[in-house]
Structures are given as C-alpha cells and as structure tokens.
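The values are calculated or read from the model by the stated rules, or taken from the named source; none is laboratory data. These figures come from a predicted structure and were not determined experimentally. When we count neighbours, we look across all protein chains shown, and the Cβ atoms used for this are built from the backbone with ideal geometry, even at glycine. Protein only, heavy atoms only, side chains kept; ligands, DNA and RNA dropped before computing areas. Shrake-Rupley method; radii C 1.70, N 1.55, O 1.52, S 1.80 Å.
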Amino acid sequence: MAKITPFKGLRPTKALAAEVATLPYDVVSVAEAREFKKDPYNFYHVTRSEIDLPENVDVHSQQVYDKADENLEAMIQDKVLVQDPEPCYYIYELVMDGRSQTGLVCGSSIDDYNNGIIKKHEFTRPEKELDRINHITATGAQTGIVFLAYHDCDSVQRIIDEWKATHEPEYDFTATDGVRHIFWVIDDYPRVATITHNFEQDVPATYIADGHHRAASAAKVCKEMRDNGYSVDGNEYFNYFVTCIFPASQLQIMDYNRIVKDLNGMIPEEFIQALEKDFEIQRLGNEPYKPTLPHEFGMYLGDAWYKLVSKAGTFSEDPIGILDVTILQQNVLDKLLGIKDQRTDKRIDFIGGIRGMGALQKKVDSKEAAIAFSIFPVTIQQLFAIADSGNVMPPKSTWFEPKLRDGLVVYMI
C-alpha cells in the first residue's frame, strides 16, 4: 500500500506566490526562461539558474548548480520563501478551460518507488537524471513536484473536499496562460494523521503521470545518502520525494505529436505510396486534422493535411501494441523513416498537444521539419494498464495539462 508523509514545505509568502511560480524547468527552453531574468522573485532563478550566468556557460556545469543553490538561499534569506514550522499536507487545485483537478501534495516513499508500488510507464535518460541529481545535491532541495495519479479513493477525497469547503486557500491566482492555481495548507495534526493512515490502508498503488526523471533522480540521491550512512530510521526527508497525487477521474491526457526532419531519402509521392500498404489515406487540403478516434492519424506533408486510418493487421491488442504511438512507430517511423529509437534519434522531435495543430504545420512550412503527425491521445486507463503490466510506453506518449507550477512548495531534504 502507498506510503506518504507530510513535510515542512518551503513556500512563498502569500503576496509573492504568483510572482514566484513558474512552469516546470523541463517544459521551457533556456531562451524562454531568460525572458524572466529581470523578475527578482521568479523561480527560474533556481530551476533554470543558467539565466543568471553568461550565455556561453554549459547548462550542466557545476557553476549552474552552485548558482541555483545561491539563488535559493537568497530567496530564503530575503524571506521570499519561508518554511512551515510543522509538517503539513497541501491541497493543489488547477482550473483550466473550465475543468478542475485537485491533488494532494506530499512526500511519497522512495522505497515504494523502488519496490513497484509507485508504478512507472517510461524509461529515463541518464543525462537527464544526472542533471536533476546534481541540482538536488547542490541545493539540498527537490524543487519540482512529481505528478502522480491513483484510482479514486473516497476516504481520501472526503477529507480533501471537506478541507476545501471549510478553509480559505493560502494562494489563489490565475497565471498568464489562463490557468488558475488554488493552494491550501492542511496543518491540523489529526487530519494529517488520518490522510496518512487512509492512504496506507486504501491506496494500493500510485502511478507516475509526469516526472519520471525527477523521481529517478530523487531515488538515486537517496541511495547515495543511505550508502554514506545518513539514514538512521528510514524516515528522513531524503527517503521521500515531493509529489502531487491526483484521482484518475479528474485527469485528462492530451496528444503528444511528432515532427520528422526528412523523409529518409524519399520524395513525398514515394512516401505516400509506401504508406498505402498499412493505412487508408485521404487528402484533406489546408484544414488541419486532429484525430477523433483511436487508430486515426493526421499527417502534414508538403502543403497539405492527410487523414490516415490504420488497416487491419497493423496493430496488436496487447497494452502496448494497441497504442497509436506504437502503431506510428512500427509502421511509419521505424519501417519507412528509419527511426529506431525515438529517445535518441535527432531527426525526430515532439510537440505537446497544448500547442495545437498549427504548431505542427508551422514547423513544416518553415522547413524545420519535412513531415508532421498528429496522434490520438493515450487514456489514463491505458497508462494504468501498461504500468500494471510492467511494460513501458514509447517515449513521449503522454502530455498532461495543466502543468503544476514550480516554486509553490519546495521539499528540503
């Protein structure tokens, strides 16, 4: 059963929360983060501290991690961030386009992560793990929340709903992208104890929705600290990692689309002819096509959109084979375009569905890519089934919106 813990969150003062909060470090480029360099309270000064260094500095150099530590310490000294005096749980509600989702911010057990109670659905990349390991080690903090999901649990949800109904939120602001962020602090010991108990009794497992690298990095930092004798009873903060856990019924996965830089030596006519073996193809013209059913794909090539429908025999019924990202990989990316590993091949890139079909078309029209594919999104039920089976999805299979904000609560290890 899932083991969680309250913690003494390091948080912005109420007046500064909206100015501190930023998107996760890994969904913005350095150039995008640099646009906020002059904002003194912005949390990119910690998560993307390279913005405060010369542009020629390697973003993975020790200088960057030391700067993150320096900037975090300055925010603490200036009382921009203040640590709660007692361990708390936190309720985090996000509202986007009229849809709301509410999660519980807590520490999740690294032993659960290692033992498969926290379930994974993606492989991680060593270089991305090392980046976060170095960041955690330098700052002594986990600055990014891992997004978890769980099967709905009434005993937990009742406490969250009751607290929201009877307490004023600590933060309530709408970010520039239109997403509203509402944040409560559960600092009542009996409620905290009940939540801990209910999770351990009623929640058999949780699932990583977003943040596999942050979770893996925290686990490796924990192992190193245990190996070096820092762990006494297993309850030290570094034995947990900061998460926000959402009930599955409130979550929505968006499409995660692909662009490819070339046609693997083929001209468009040859490529379309090769596609006809595995897909029914309909030319649509200039109107972007976003799939409305599983096993449909949109394709933008040249100056036209096409609708592709998988033919019988192009997919299997197992949890991985039935995914549209798998169908595209096996029958197009690998078979025709020679892309064997989406994690390492530099010819492919990924565009989150939040950016819309126009972003795909723009990449091709600007010649940054030769072809783009829009994909029907994975469901949360499919994610759970794959994680339960011990399998992993193809890279970049899921895109969750809205994004949790960094800086609203920091987990000091």
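The local environment of Glu86, defined by Cβ-Cβ distances under 9 Å, has a net charge of -1 under the rule Lys, Arg +1 and Asp, Glu -1. Taking each residue as 0.36 nm, the span from Ile267 to Asp39 lengthens on full extension beyond its C-alpha to C-alpha distance by 77.3 nm. Calculate for the chain the 222 nm mean residue ellipticity that helices alone would give, adding -39,500 (n - 2.57) per DSSP H run of length 4 or more and normalising by residue count, nearest 500 deg cm²/dmol. Helices in the chain give a 222 nm mean residue ellipticity of -8500 deg cm²/dmol.
What is the sum of charges around Ala2, taking Lys and Arg as +1, Asp and Glu as -1, for the other residues whose C-beta is under 14 Å from the C-beta of Ala2?
Its environment carries a net charge of -3.
Near Ile186, the amide H atoms lying under 5 Å from its own belong to Tyr89, Tyr90, Ile91; only residues 5 or more places off or on other chains count, and H is placed 1.01 Å from N.
The charge dipole of segment 172-310, taken about its Cα centre with unit charges on the Cβ of Lys, Arg, Asp and Glu (plus for the first two, minus for the last two), comes to roughly 100 debye. Our summary gives segment 1-123 a relative contact order of 36 percent, counting only alpha carbon pairs under 8 angstrom and 6 or more residues apart. What angle, in degrees between 0 and 90 and rounded to the nearest 10, separates the Cα long axis of helix 62-77 from the longest principal axis of the Cα atoms of the chain? Result, in degrees: 40.
Go ahead and run the numbers for FRET between His60 and Asp97, Cβ-Cβ distance against an R0 of 45 Å, rounding to 0.05. Working shown, then result.
Working: r = 36 Å, r/R0 = 0.80.
Result of the calculation: an efficiency of 0.80.
The distance linking segment 187-213 with segment 5-81 is 28 Å (Cα centroid to Cα centroid, whole angstrom). Separation of segment 278-307 and segment 226-254, taken as the distance between their Cα centroids, equals 41 angstrom. Label separation (Ile76 vs Phe123): 3.8 nm, computed from points 7 Å beyond Cα along the C-beta direction. Accessible surface for His167 stands near 70 Å², nearest 10, in the context of the full protein assembly shown (1.4 Å probe). Spin-label pair Ala304-Lys8: with each label point 7 Å from Cα along the Cα-Cβ axis, the two points sit 6.6 nm from one another. One Cα centroid belongs to segment 338-362, the other to segment 109-166; the line between them spans 26 Å. Between the helical axis of 154-166 and the longest alpha-carbon principal axis of the chain there is an angle of about 70 degrees.
Note that the chain presents 44 Å² accessible area per residue, ligands and nucleic acids not counted, probe 1.4 Å.
Using DSSP to define loop residues, name the GluC sites (Glu not before Pro) in segment 278-370 whose beta-carbon has at most 10 other beta-carbon atoms within 10 Å.
When the GluC sites (Glu not before Pro) of segment 278-370 are filtered for loop state and at most 10 Cβ neighbours within 10 Å, Glu317 remain.
Relative contact order of segment 134-194, please, whole-number percent, based on alpha carbon pairs below 8 angstrom and at least 6 residues apart.
Working: 30 pairs, mean separation 12.2, N = 61.
20 percent.
Report the chymotrypsin sites (Phe, Trp or Tyr not before Pro) located in segment 1-105 that are in a DSSP loop and have at most 15 other Cβ atoms inside 10 Å of their Cβ, or state none.
none
Cross-link check: pairs Lys8/Lys403; Lys128/Lys223; Lys340/Lys363; Lys38/Lys120 evaluated at a Cα-Cα cut-off of 26 Å; pairs beyond the cut-off: Lys38/Lys120.
Report relative contact order for the chain in percent, whole number only (criteria: Cα-Cα under 8 Å, sequence separation at least 6). It would help to have the intermediate numbers written out before the result.
On the way: 779 pairs, mean separation 99.6, N = 413.
Value for the chain: 24 percent.
The label-point distance for Gln381 and Tyr189, in a model that sets each label 7 Å from Cα toward Cβ, rounds to 4.5 nm. Helix 212-227 and the long axis of the chain differ in direction by around 40°, with both axes built from C-alpha atoms. With all protein chains in place and a 1.4 Å probe, the accessible surface of the chain carries 49 percent carbon and sulfur. Protection proxy ranking of 77-83, 118-124, by the mean of other Cβ atoms within 10 Å over each peptide's residues and highest first, is 118-124, 77-83.
Net charge in the neighbourhood of Arg99 (other residues with Cβ under 12 Å of its Cβ; Lys, Arg +1, Asp, Glu -1) is -2.
Among the GluC sites (Glu not before Pro) in segment 1-108, those located in a DSSP loop and surrounded by at most 10 other Cβ atoms within 10 Å of their own Cβ are Glu55. Looking at (i) -0.26; (ii) -0.23; (iii) -0.41, which value of log10 I(q)/I(0) by the Debye sum over Cα atoms at q = 0.06 Å⁻¹ comes from a calculation on the structure shown? Among (i) -0.26; (ii) -0.23; (iii) -0.41, the one derived from this structure is (i).
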